[in-house]
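The structure appears right after this line, and notes come after that.
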Amino acid sequence: MSYLAPDIDENDMLQQVAHGDERAFRRLFNKYHHKLGSHIYRITKSHELAEEIVQDVFLKIWTNRASLSDTVNFQAYLFVISKNHALNCLKRIANEKALTTNLDDIIFETQFEEVTEDSERYLLVDEAIDHLPPQQRLVYLMSRHERLQYAEIADRLSLSRETVKKYLQISTESITCYIRKKLIVSAIIFISNFI
């Protein structure tokens, strides 16, 4: 990707943004957000994620606006930080999927021969879910049982999409940890009966 040399107007705009001028920031956003969205979409292959990343990047730019006065090539700077942010988001999503897969593996990896053993396993999962804090439990059940998307859950519970994702990640880790501990205790009891 070739980066254009900054024009004089843009340098003025960056200086204005660095000094807290919201109108200049809006002009900067309008100038770059479509181009940046297309760039991020090529990395993420998701319009929703690209839009979220563009907003995050511009929020970060506004939060750290004082440093803009030292920026020589804003477009290059913008595309580098957005690419890094996109890669971090993709990494986080992959980790969330791995956690979910890990939980699913723990819950469903072996087939039980008797119905009572299946019932015990489901009871263990239900027990783990019951130990979650109320809001996390609600988010988990809406995601896993009702199969709702993050945005739908966020709308229903008046939460941010990021909070829903965080609650789901924490609840999945908590359930996995709870089940592991219970299985280890059961294995120890089982082995001790033969010693």
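The values are calculated or read from the model by the stated rules, or taken from the named source; none is laboratory data. The shown structure was predicted, so the numbers you read here are calculated from the model rather than taken from an experiment. Neighbour counts run over all protein chains shown; Cβ positions are idealised from the backbone, glycine included.
Taking first residues from segment 164-184 that are surrounded by fewer than 19 Cβ atoms within 10 Å (Cβ to Cβ) and part of a helix (DSSP H, G or I) and partners that are of a type in the set (D, E, K, R) and at pLDDT 85 or above, no Cβ contact under 7 Å between residues at least 6 apart in sequence or on separate chains turns up. Taking the criterion of being under 30 Å from residue 151 (Cα atoms), surrounded by 16 or more Cβ atoms within 10 Å (Cβ to Cβ) and not assigned by TED's automatic domain parsing to the domain that holds residue 169, would at least one residue in segment 14-21 satisfy it? No - not one qualifying residue is present in segment 14-21.
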